[in-house]
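Single-structure report; data block below.
The values are calculated or read from the model by the stated rules, or taken from the named source; none is laboratory data. This structure is a prediction, so every number in the text was calculated from the model and none was measured. Positions of Cβ are backbone-derived with ideal geometry, glycine not excepted, and every protein chain shown enters the neighbour counts.
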Amino acid sequence: MYDVKSKDANEFIDDAEVLASLEAAKKLSADKAEIDRILAKAQKYHGLTHREAAVLLEIQDEQTLNKMYEIAREMKETIYGKRIVLFAPLYLSSYCVNNCKYCGYKCQNDIARRRLSQEELREEVRALEAMGHKRLLLEAGEDDSNCPIEYILECINTIYSEKFKNGAIRRVNVDIAATTVENYGKLKDAGIGTYILFQETYHKPTYLAMHSGPKRNYEWHTEAMDRAMQGGIDDVGIGALYGLYDYRYETVALLMHAEHLEAAYGVGPHTISFPRLLPAEGVDYGSFQLVNDRDFKKIVAIIRLAVPYTGMILSTREGISFRRELLDIGISQMSAGSCVGVGGYAQKGGEQACETGETPQFYLADHRKPLDVLKWLVEDGYVPSYCTACYREGRTGDRFMPLAKSGQIGNFCSPNALLTFEEYLSDYGDDELRQMGRKLIDKEIANVPDEKRRAAATAYLARIRSGERDLRF
């Protein structure tokens, strides 16, 4: 049944193909020559097939793992440099008609439910802007009565209409339940950036066992990205919730999903996210296949090797020290100062993820303020980026990937990261961060590949330090 171009979820995520890939991998993983061949291919930055990735998932010896991590590290720095894109999730509504076994918002949980009014939303946006954020990810439970598409569209319009002394929210990404081609077209027309939807689990029997309600329709959910593409959204983001089923199966299937999008629409996923199952209200963990840190790190490195030019996202689900390890081997985007409850930013002053009062969707591991996260990044030599230029300049979908794969995107992303970081330093940083950050900027500006672009970026930095904003390439 396996057909990478098929629009049928049961054919482009064919269970028999996943199982055959995993079975073949067990035998091939004992062949050192095959391992060396796969790693040598990865070093050419051409990506890996799902079958090649399956072989790497079987690696257990530390020497080979360390070699794989080193290749992933070199690959990430070559393609992305030292920049890390930052964003924050914004929860609009906790209403949900589904009863997902792993989620704190499941409908059987007796928790207070609400959605933000437009004035409350403005308060949330003000709090997020005061934290320095320019890029948001909208989140909402599935409930067509309390949270219809019209409400989501109204919220997007409200967010974009809010203007501040230091600018505005420049990019709104959306993570809402699978919907129709027509509704994806409405989201596109509203000016969203990336549409993100996690598959949760690609293993159909587990998917059906985990869900009840509208979300239980495996085909409707799995084919959501096809409909989003058909609706005109060319930047989509996928991910699996690691811990619901065997991580090897999920990783192979996720890469098959990426291959399907590339084959059927000419462009793979713009981002891949790495949520890992965490404690949540009313969730029993006895039946889950939780993924340990060692295996999770291996997953991140392998996906970086398999899809070199795809953004990889890590949330505040992970702790501080482990986040550092994962940044080193593949992660290129991360959330900071997150709240995973409705109305938490204004309520808590944006200081930390809310865990009192409003019930969160799940409990977090990293509670630092964005300012502290930025200092941590700079100490490790990373350039925090609030860049949204590609989206606003039309470098999305099949216009983005050729630039990325040819290496030219560095002439855009590197200077734009530095410019947006300078904006943050000027508008939100304290004296300590300004001193640290400007020293890093002055060092990194020399690494912009194109001489003319480097000179222009230097001039733009001077103009930003003199009060101008939103200069970009």
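Things worth noting here:
- Residue under evaluation Leu241, criteria (1) touching a strand residue (DSSP E or B) at 6+ places or on another chain (Cβ under 7 Å); (2) surrounded by fewer than 22 Cβ atoms within 10 Å (Cβ to Cβ); (3) of a type outside the set (Ser, Thr, Tyr), criterion not met: (2)
- Residue match in region 379-397 (condition: assigned to a loop (DSSP other than H, G, I, E, B), at pLDDT 95 or above and either of a type in the set (Phe, Trp, Tyr) or under 21 Å from Lys134 (Cβ atoms) (or both)): yes
- Taken together, the criteria exclude Phe473 from residues that are closer than 18 Å to Glu129 by Cα and in contact with a Pro (Cβ under 8 Å, 6 or more places away or on another chain).
- Residue count for region 163-172, restricted to those that are in contact with a Leu (Cβ under 7 Å, 6 or more places away or on another chain) and farther than 17 Å from Cys147 by Cβ: 1
- Any helices (runs of 4 or more DSSP H) falling wholly within region 212-288 and containing at least 3 residues that are farther than 25 Å from Val97 by Cβ and either of a type outside the set (S, T, N, Q) or modelled with pLDDT of 95 or more (or both): 247-265
- Residue match in region 426-444 (condition: at pLDDT 90 or above, polar (S, T, N, Q) and not assigned by TED's automatic domain parsing to the domain that holds Tyr195): yes
- Flag if Ser6 is farther than 15 Å from Ile299 by Cα, in contact with a His (Cβ under 9 Å, 6 or more places away or on another chain) and surrounded by fewer than 22 Cβ atoms within 10 Å (Cβ to Cβ): yes
- Residue tally, condition closer than 14 Å to Tyr382 by Cα and either touching a residue at least 24 places away in the same chain (Cβ under 8 Å) or buried (at least 21 other Cβ atoms within 10 Å of the Cβ) (or both), over region 424-449: 8
- Candidate set from region 194-214 (those that are under 22 Å from Gly232 (Cβ atoms) and of a type outside the set (A, V, I, L, M, F, W, C)); member that is farthest from the chain's Cα centre (by Cα): Gln199
- Being crowded, with 20+ Cβ neighbours inside 10 Å and either closer than 16 Å to Ile302 by Cα or among the acidic types (Asp, Glu) (or both) is a property that His257 has.
- Inter-residue pairs, beta-carbon under 7 Å, first among the small types (Gly, Ala, Ser) and in region 362-382, second surrounded by fewer than 16 Cβ atoms within 10 Å (Cβ to Cβ), 6+ apart: Ala365/Gly319
- Residue check, Gln108 within 19 Å of Gly344 (Cα to Cα) and more than 20 Å from the chain's Cα centre (by Cα): no
- Going through (1) more than 25 Å from Gln108 (Cβ to Cβ); (2) assigned to a helix (DSSP H, G or I); (3) of a type outside the set (S, T, N, Q) one by one, Tyr207 falls short only on (1).
- Conditions (1) of a type in the set (Phe, Trp, Tyr); (2) touching a helix residue (DSSP H, G or I) at 6+ places or on another chain (Cβ under 7 Å); (3) within 23 Å of Gln333 (Cβ to Cβ); number of the one not met by Tyr245: (3)
- Hey, Thr206 touching a residue at least 40 places away in the same chain (Cβ under 8 Å), of a type in the set (Ser, Thr, Tyr) and assigned by TED's automatic domain parsing to the domain that holds Asp284 or not: no
- Hey, Ile192 farther than 30 Å from Tyr249 by Cβ, touching a residue at least 40 places away in the same chain (Cβ under 8 Å) and in contact with a Leu (Cβ under 7 Å, 6 or more places away or on another chain) or not: no
- Scoring Asp143 on the criteria (1) closer than 30 Å to Phe421 by Cα; (2) crowded, with 22+ Cβ neighbours inside 10 Å; (3) among the charged types (D, E, K, R) leaves a single failure, condition (1).
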